[in-house]
Amino acid sequence: MNVLENERVTAFVQRSREMKYVWIGFLFFLLIITILLSDFIGSVRIPIQSLLEIYGSQIPFLSHFVPHGYTLAQEQIIVQLREPEILGGVVIGASLGIGGAAIQSIFRNPISEPYIIGLSSGASLGAVASIVLGFTIFGIYTQQITAFVFGLSVVFIVYFFALKGGKIHPTYLLLTGVAVSFFVSAIVALLLFTNINLQGEVFFWLLGSLENINWTVLYPVAIVVLITSYAIYLQHRELDAIQMGDMHARSVGVNVERTKRITIFMVALGVSASVSISGLIGFVGLVMPHLSRMLLGGSNRHVIPASGILGAIFLICADDIARGIVPGVVIPIGIVTGIIGVPFLMYFMRKLTGGRYEG
Amino acid sequence: MNSRLKIVIAVVVALAVVLGSVIIYHEDVAGKVKGEIITINTGDNLPLKLTRIVSLDPAATATLYALGAYKYLVGGNSYDSYPPNENIPNVTDYPSMDLEQIYNLSADAVISFDNYSGAQISQLLNNGIDYVFLSSDAGVNFSVIERQNTLLGELTGTVANATVMNQWMNVSLSALHLDALSYDQSEYNGTPLRGFYYLSSFGGYWTAGNDTFVNSYFQYADLINIAAPYDNGFYSINPENIVNDSPQVLILDSYINVSSLNSSGSPFASSPALMNGKIYTTTADENMFSEPNFRDIFAIQWIIYMVYGQNPALPNFPINLTYNPNPNGVS
């Protein structure tokens, strides 16, 4: 390769990297637009002027200069109901998307997602146990806290069962996750069997919803997700190497076991916290990393943030549909993510993969 | 520290600050007097008179109307059937209550019989809205219904009407029971018939067991509820128990398909109720049978009329109402 060719390649790589940042910037812009538009959707119509005034009144120092032509009810609807729900969608969608990207890199398996390590079954057990057995130890947040603790606990159990000679083999971890999930799901079924009257309540938790998210629960979860997402992002180079195989990763100086341990812990922490306030929301952690790779290639430097942003956009849109189909009625979001998500994925797989998944 | 890392840290800090300021703001918005959870056990610490009530409980809507407090209702629900021609907006209550509609109606209280999530109730309370919980599950008998009437009377300043309503209920229950005993004596030599109340066929044979207001219907009508010995509350009974206890009277919810009773494998197929045609479907106003309130008196009157073929007399309802609370026309 001569000097000219070398410069061309360098320029191409540089341009390609810049384009990827432009893409991420565009996705972020799309996220902001989605958030703003979603604030209009609900069973009560709120005029745009009132909405803008309410926004203005929330900005420190600016609030004194903004007219207050809105009613208290409108302010409560926007500030107490829609904003935490939409921002909850951002936080949960981002944590599922980022968690999915990281888990798929570790397992080198395109059909893995954060729930595969026992997180969903553990969180279900916690939530169902608190509902069926009537735990009230943490007041009205008992269900969220037990879901979080059980989700995290089951991941630890899976991890330690899968640990062999101080090492984690992806296939072994995957199979252990599936096996323990089945076991825990059987306990969930047993609990439900003992009190069939509570199946309705549990049903809605298992299908997920952003409806019950308020500021009190969102604040700690948002901080956990922010920190864990950043920690996962910091591992992007190591995860890129692990994607190529453990041996390759070791050959380029990556501490494979440490990276896996940190990543799994961070994913478990972030996704458990998210799931604890929303219930189980499927599809996001599985599909958004794929969509990110289709748009931005395979490097986790771009895939991780893009998966987070796409997960957030997707979940907010799904929530808008869940809230908007029948005015006043919120359909469980898991139903919407499945119904709109699958055709969406099939379309993008055909249009954008360019044969990357073939052969 | 490289420049990219600095940018990432700056973004994280900025997001945390934005989130923090929004949260501080929200606490300011919500920083008013918190609402209360009110039940019949709340005692003397009741709030001032409620004047903007959302009722997600059809039983409470009917009671408030009868008490003369309907003018304080700003929202009802789609299951309300009494009073007819309701002129207030319906608030969505399933699978959860629609808080947007409730806030928009500037409600000062929400009445419900349902166990909504703690997060939703917490949202109401934080926004200064009281949550009045009127149970309809196990443990609710006529004594509890009367206490619920009194509570609604106290909350709406109509306690005098609640008192006369409760007196009317007590007198009516005594009269109905005496009449039922007398009819049973003349028709069946005083041996109570075995009855079964088939509430729903969704996923089993749902019925009312012991310690329910529906079980009280049986007691006042001098019938034996075959479901009472097996469980408390509303539950799905094992069909073997139905076959074993062979009910002589079947009371069906209007959603039950009568032809299904005779189908192969039905536990009712060989029951005396089916053989003798003692099957009665509650058609006039489903809520009168399935909701715990003063109109249950008319439900008992209807059951006695259907089972014994005789019409027990009731004292006149003591409050003058535009709409007749008894849609069965059994007077």
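Numbers below:
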| quantity | calculated |
| --- | --- |
| Enclosed volume per residue, in Å³, of the convex hull spanned by Cα atoms of segment A:91-352 | 121 Å³ |
| Taking segment B:176-308 and dividing mean pair separation by its residue count, relative contact order in percent (alpha carbons under 8 Å, at least six apart) | 24 percent |
| Distance between segment B:278-331 and segment A:16-43 - C-alpha centres, whole angstrom | 60 Å |
| Where trypsin sites (Lys or Arg not before Pro) in DSSP loops with at most 16 other Cβ within 10 Å are excluded, longest remaining stretch of chain B | B:53-331 |
| Sequence of B:140, B:33 once ranked by neighbouring C-beta atoms within 10 Å, starting from the fewest | B:33, B:140 |
| Inverse mean reciprocal Cα-Cα distance (Kirkwood Rh) of segment A:80-163, Å | 14.2 Å |
| Residue order, fewest to most surrounding Cβ atoms within 10 angstrom, among A:307, B:200 | B:200, A:307 |
| Cα centroid of segment A:146-165 to Cα centroid of segment A:236-311, whole Å | 18 Å |
| At least 30 Å along the helix axis (C-alpha) and Kyte average at least 0.5, DSSP helices within chain B | B:3-29 |
| Karplus-derived 3J(HN,Hα), 6.51/-1.76/1.60, for each residue of segment A:162-175, Hz, glycine and proline x | 7, 6, 10, x, x, 10, 10, 9, x, 5, 5, 5, 4, 5 |
| For residue B:234, residues with placed amide H under 5 Å, excluding near neighbours | B:138, B:209 |
| Cα convex hull of the protein assembly as shown, projected area averaged across orientations, nm² | 37.5 nm² |
| For residue B:281, residues with placed amide H under 5 Å, excluding near neighbours | B:252 |
| Pairs of lysines in the protein assembly as shown (C-alpha under 25 Å apart; 8 or more residues apart or interchain) | 8 |
| Average other protein chain Cβ within 10 Å of Cβ, residues A:87-94 | 1 |
| Sparsely packed trypsin sites (Lys or Arg not before Pro) within segment A:90-189, loop by DSSP, other Cβ within 10 Å at most 16 | A:108 |
| 10 Å binning of all Cα-Cα separations within segment B:37-134, expressed as whole percents from 0 upward | 16, 55, 28, 2 |
| Amide H partners (placed H, <5 Å) of residue B:76, local residues excluded | B:55, B:90, B:91 |
| Residue-averaged 222 nm ellipticity for chain B, from DSSP H runs of 4+ at -39500 (n - 2.57), nearest 500 | -12500 deg cm²/dmol |
| Fewest-first sequence of B:275, B:165 by Cβ atoms within 10 Å of each Cβ | B:275, B:165 |
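All of the numbers you see were taken from the coordinates with simple rules; none came from a lab. In this text, all values refer to a predicted model and were calculated from it rather than measured experimentally. Counting neighbours? That spans all protein chains shown, and the Cβs are built from the backbone with ideal geometry, glycine included.
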